[in-house]
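> If you scroll down you'll find the structure; I have some questions about it.
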Amino acid sequence: MDKTRLIVGLVLLLIGADAEAANPVSVRPGDAIVDGSFIKGFINRWKLVGRGSDGSVVEMGTWTDAARVDTIGGREVLLRKQIWIHDSGAEGYYNVVDHKTLTPIVSQYTNAAGWYRRMEFSRDGSLVHFQHNPLPPGEGVPANARARMSEPMSEGQIKLSEPMFDFNTGMFGLLIAGFPLKEGYSARFPVFRSYYPKAEPAWVDFEVKGKEMVQAGRAGNIEAWLVVAHSPDTDEVMTFDLIKEPPYIIRLRQPWQGRDWTFEMIDPPAPSAPPPAVSNRSTGK
């Protein structure tokens, strides 16, 4: 009898795990299940390697990721700066988020060609002030958001239908690291449409597939959580290897322009993490 109960219990657990993965829980900003308070300052660096179906391999520069914890206007925040340097120039993401809830305060993107996006979120998540120049055509940009660079800069304020996270303007895997990481866990969360600002959110979903060993620079092989995230609004699929200790994101893989790209960790350039350059105007909201 005890053996029968044990088997039934195991079957129910398996069914429950499958149901959780098939039906991701909806998580919104402020939900206690998201907690970034464990995140400490860090610096990390990857090289970008693209592998083609024909076996060819190309490299596209280095990506540096630095963050630190600070207090601004009495609010504990996480400041993050990412810089990608490649043959065609450079690109940068700058984020300020609430340290515990990981809700966005400021998100900014710019590149050497002059493409610029910036969002400033009110403290209660009900409003966002945005600035951006027209979006160039390209993979990962929604078709209805494409425009010519000759068009004027857009600026405005939107009353949001609900509070939202930032994902596509820099937080990416670090945001997901603040969710529970356990095999079979899946969730979906609302994000601001940074490519095409509007009051209604897009939704990003992800699933924790389990653990795997992954190369982590000088640290050698380490065990990390394998997480697959899908951003339907930009038609992107990102596969992360995440841990709950610095530097949190060990590896990222993503198909792009006919190649499978991998962010391969290399030795970090320095032990310090410089803060992002963010104006005082935006962080007190």
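> Using the count of nearby Cβ atoms within 10 Å as a rough guide to exposure, how do PHE121, PHE172 rank from fewest to most?
Ascending number of Cβ neighbours within 10 Å: PHE172, PHE121.
> Put a dot 7 Å past each Cα toward the Cβ at ASP87 and GLN157; how far apart are the dots in nm?
Label-label distance for GLN157 and ASP87, simple model: 4.6 nm.
> At a Cα cut-off below 21 Å, give the lysines reachable from LYS100, other chains included and same-chain residues fewer than 8 away excluded.
Straight-distance partners of LYS100: LYS40, LYS81, LYS182, LYS244, LYS285.
> Which number comes out as Rg/Rh for region 21-283 once both Rg and the Kirkwood Rh are worked out on C-alpha atoms?
Result: Rg/Rh = 0.93.
> Projected onto the charge dipole of region 180-258 (+1 at Lys/Arg Cβ, -1 at Asp/Glu Cβ, origin at the Cα centre), which of GLN254, TYR196, ALA219 gives the Cα projection farthest towards the positive end?
So the residue we want is ALA219.
Taken together, the values in this text are just the output of simple stated rules run on the coordinates, not laboratory data. The shown structure was predicted, so the numbers you read here are calculated from the model rather than taken from an experiment. Methodologically, a virtual Cβ is constructed for each residue, glycine included, from the backbone with ideal geometry; neighbour enumeration extends over all protein chains shown.
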